Amino acid sequence: MKQRMNEKHLLQMPARTAGTTYTLRLSRELLDQLHFVASYNGRSANMEMIQLIKKHIAEFEAKHGKINE
């Protein structure tokens, strides 16, 4: 049942993000710190990284203009 729920969730996501993965190499210390901050904010480490990336891009665009895809 859990697998079906995950599949259903993926089908509801935009095609650009469904199943897109990126491997990131971090030191154990940095990963542990990320998990701490994510837990503090009530997020998974993955969601915390997504929020940080979105914030960084928004700051970049505010300074340099909208990024065209």
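For Leu34, the stated conditions hold: it is out of contact with any strand residue (DSSP E or B) (no Cβ under 9 Å at 6 or more places or on another chain), at pLDDT 65 or above and surrounded by 10 or more Cβ atoms within 10 Å (Cβ to Cβ).
Taken over the stretch 37-69, the criterion of being of a type in the set (Phe, Trp, Tyr) and surrounded by 11 or more Cβ atoms within 10 Å (Cβ to Cβ) is satisfied by Phe60 alone.
The values are calculated or read from the model by the stated rules, or taken from the named source; none is laboratory data. The shown structure was predicted, so the numbers you read here are calculated from the model rather than taken from an experiment. Virtual Cβ from ideal backbone geometry, glycine too; neighbours counted across all protein chains shown.
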